[in-house]
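A quick write-up on the structure given underneath.
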Amino acid sequence: MDFSERLIDSTDWATYMLLLCFVLLALAKYFYPKRFHEFSLLPLTNQYFFVHGKNDELNHPFNMMLFVVQIVCVSIFVYLLFEVLNPTEVQQNEWLFLQICTAYSVFILVKFSMEKIVANVFSIDAVINNYLYQKLSYRNFLGILFFAGNLFFLYVYPPTTSALFIFGGSLLMLNAIALLYSYKKNGKLILSNFFYFILYLCALEISPYIILYKTFV
């Protein structure tokens, strides 16, 4: 009888990516327990912004860890959309996830840099930094929701087109509500500079997502 060595290698990269996200969330909670607790209450109270929403905290390690979680989880969700809508592309392109992850990262960082440049040109750095901090925090929170959704679709309920669109649409709606809240909070400043606000809204908030949608389609 001939014996052959049987090696079983896991190819489930998504599991490793989600494990990485779980480790980052655990580290964020371990090293910054009070900050993590206040962050978890973000949908209920604004205490997190009052305590931690200073201009120099955009690059805080807590934000960076959650930002990585956001990038990975959103990219996995988009990959699941490709699996449902265009399975041929998934089968033929083994680097699809890395391409999605890179494209999303570059999109966010370029958009962020443009907003910082605009803030510097118009000398409104303090206002824009506060707005960017709020937006980053809300989207990092949505990243955790994407993390939970990915776990559900990968290990509990096989993803379908309707389920993915309902889940993704719900989170996009939450993101829109968060943006509207930020605009309401800066209502007086917006009204006094309404023309510039419309330009900013069209150039840096609406058009980039239209371009991203066209690219995705």
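The values are calculated or read from the model by the stated rules, or taken from the named source; none is laboratory data. For clarity, every value in this text was computed on a predicted model and none was experimentally measured. Here Cβ is always computed from backbone atoms with ideal geometry, including for glycine, and neighbour counts include all displayed protein chains.
Before moving on, here are some points about what is shown:
- Residue count for segment 23-38, restricted to those that are of a type outside the set (D, E, K, R), in a helix (DSSP H, G or I) and either closer than 12 Å to P61 by Cα or in contact (Cβ under 8 Å) with a residue 24 or more places away in the chain (or both): 6.
- For S113, the requirement of being more than 22 Å from F77 (Cα to Cα) and polar (S, T, N, Q) is met.
- Residue within segment 136-147 that is closer than 19 Å to M65 by Cα and in contact with a Gly (Cβ under 6 Å, 6 or more places away or on another chain) present: no
- Some residue of segment 114-131 being more than 15 Å from the chain's Cα centre (by Cα) and under 30 Å from A14 (Cβ atoms): no
- One residue from Y30, Y79 being hydroxyl-bearing (S, T, Y) and surrounded by 13 or more Cβ atoms within 10 Å (Cβ to Cβ): Y79
A quick yes/no check of all residues on (1) of a type in the set (F, W, Y); (2) at pLDDT below 90; (3) exposed (fewer than 11 other Cβ atoms within 10 Å of the Cβ):
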| residue | (1), (2), (3) |
| --- | --- |
| K135 | no, yes, no |
| N140 | no, no, no |
| Y157 | yes, yes, yes |
| F165 | yes, no, no |
| L179 | no, yes, no |
| K188 | no, yes, yes |
| F197 | yes, yes, no |
| Y200 | yes, yes, no |
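- Long-range neighbours under 8 Å by Cβ, at least six apart or interchain, first residue more than 14 Å from S182 (Cα to Cα) within segment 44-64, second of a type in the set (D, E, K, R) and at pLDDT below 80: N55/D125; N63/E57
- Within this structure, E89 fails the test of being modelled with pLDDT of 85 or more and acidic (D, E).
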